[in-house]
Amino acid sequence: MATPDQIPSDLTLEIGERLSPERFVAAVRAFFGYVDEIGQAVAPDGAAPDWVVQVREGSALIGVDPGPQANIVTVRQVYARIEQGIRHLLAGEYGGDNFPEAAVRHLKVLSEIGSQIHGTYIPLTLWVNRTPHVIGAAIADAMQEDWRSDYSDYGTIEGRFETIQGDGGLQFRVRDAMLRQLVPCRVPEHLLATVIENFRNRVEVSGAIHYGKNGVPLNITVESIEALPDDDSLPSIEDARGILRTPV
């Protein structure tokens with residue numbers, strides 16, 4: 001692996017040795033495609049940054065720098081989203097408005113490029129701000145296991161809105177009350193006010209749920225939100241007993 005001082009730009013793909021010309025070209029195309037898809041997703045009005053290729057002489061380090069007209073704020077959002085995408089895939093989280101399916105597929109190609117060449121796995125490394133992120137067997141295996149038998153179905157998740165993050169756009173998640181895990185929510189524009197109004201409150205969200213192979217929800221495309229009474233407002237056991245003893 002290269003060292004940070006050898007990296008030609010803040011966004012660089014390090015390609016492993018012994019790749020065939022076909023795999024090398026496929027890796028570069030997938031890298032450029034991944035960057036472009038993320039740029040289109042996070043940029044306002046789809047005005048993705050222009051990029052200029054930087055290659056370190058005598059190496060397999062392919063980098064891109066923002067063009068002179070690129071919005072530096074958008075560029076930083078692209079860097080953050082690219083790193084976040086890798087972490088999300090390792091956690092089994094897919095999709096979202098700022099991490100489109102096309103970007104997932106480009107990253108999947110990168111994760112499979114070096115698979116089992118002459119019996120040896122040759123990972124690729126994506127450097128973001130001089131920090132390495134190995135696109136290797138862990139990502140390839142996680143994605144393969146989930147894509148093998150994942151499915152979507154209409155359903156409902158009951159839980160509590162807990163996380164709103166502002167990284168290239170608002171991110172919403174609901175903590176599933178049964179599984180005690182955060183489920184990413186894709187929320188249409190007309191429901192944003194309802195989400196914010198019910199932040200940290202108990203809700204029932206309904207829509208198309210994307211499940212992994214083990215039946216665990218990975219994300220939900222929300223179609224409706226119903227506020228639920230908070231636990232503190234529900235009758236206690238003693239209250240319930242009093243109600244049951246009340247004559248009709």
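Give the residues of segment 184-193 that are part of a helix (DSSP H, G or I) and surrounded by fewer than 16 Cβ atoms within 10 Å (Cβ to Cβ), sorted by residue number.
Scanning segment 184-193 gives Glu189, His190, Leu192, Ala193.
State which residue pairs qualify: first residue under 21 Å from Arg29 (Cβ atoms) and without any contact (Cβ under 8 Å) to a residue 24 or more places away in the chain and inside segment 64-75, second residue assigned to a strand (DSSP E or B) and aliphatic (A, V, I, L, M) in any location, beta carbons under 9 Å apart, and separation of 6 or more residues or different chains.
Between residues of segment 64-75 that are under 21 Å from Arg29 (Cβ atoms) and without any contact (Cβ under 8 Å) to a residue 24 or more places away in the chain and residues that are assigned to a strand (DSSP E or B) and aliphatic (A, V, I, L, M), the close pairs are Pro66/Leu11; Pro66/Val52; Gly67/Val52.
Could you check Asn129 against (1) touching a helix residue (DSSP H, G or I) at 6+ places or on another chain (Cβ under 7 Å); (2) at pLDDT 70 or above; (3) on the phi < 0 side of the Ramachandran plot and say which number it fails?
The number of the failed condition is (3).
Has segment 181-188 got any residue that is in the same structural domain as Ala30 (by TED's automatic domain parsing) and modelled with pLDDT of 75 or more?
So far as segment 181-188 goes, no, none of its residues is in the same structural domain as Ala30 (by TED's automatic domain parsing) and modelled with pLDDT of 75 or more.
Here is a check on your reading of the model: is Gln144 in a strand (DSSP E or B), at pLDDT below 80 and closer than 30 Å to Leu13 by Cα?
no
Could you list all residues from segment 199-221 that are modelled with pLDDT of 85 or more, among the charged types (D, E, K, R) and in a loop (DSSP other than H, G, I, E, B)?
Within segment 199-221, just Arg200 meets the criteria.
Of the numbered conditions (1) surrounded by fewer than 16 Cβ atoms within 10 Å (Cβ to Cβ); (2) in a strand (DSSP E or B); (3) modelled with pLDDT of 80 or more, Ile196 fails exactly one; give the number of that condition.
Tallying (1) surrounded by fewer than 16 Cβ atoms within 10 Å (Cβ to Cβ); (2) in a strand (DSSP E or B); (3) modelled with pLDDT of 80 or more, Ile196 fails exactly one: (2).
Please work out which one of (1) hydroxyl-bearing (Ser, Thr, Tyr); (2) modelled with pLDDT of 90 or more; (3) under 29 Å from Leu90 (Cβ atoms) is the condition Ser224 fails and give its number.
So the condition that Ser224 fails would be (3).
Which numbered condition trips up Gly169, out of (1) in contact with a Ser or Thr (Cβ under 8 Å, 6 or more places away or on another chain); (2) modelled with pLDDT under 85; (3) outside the structural domain of Ile15 (by TED's automatic domain parsing); (4) not acidic (Asp, Glu)?
(1)
Does Gly16 count as touching a Phe, Trp or Tyr at 6+ places or on another chain (Cβ under 7 Å), among the small types (Gly, Ala, Ser), closer than 22 Å to Pro132 by Cβ and not assigned by TED's automatic domain parsing to the domain that holds Leu218?
no
The values are calculated or read from the model by the stated rules, or taken from the named source; none is laboratory data. Computed from a predicted structure; not experimentally measured. Virtual Cβ from ideal backbone geometry, glycine too; neighbours counted across all protein chains shown.
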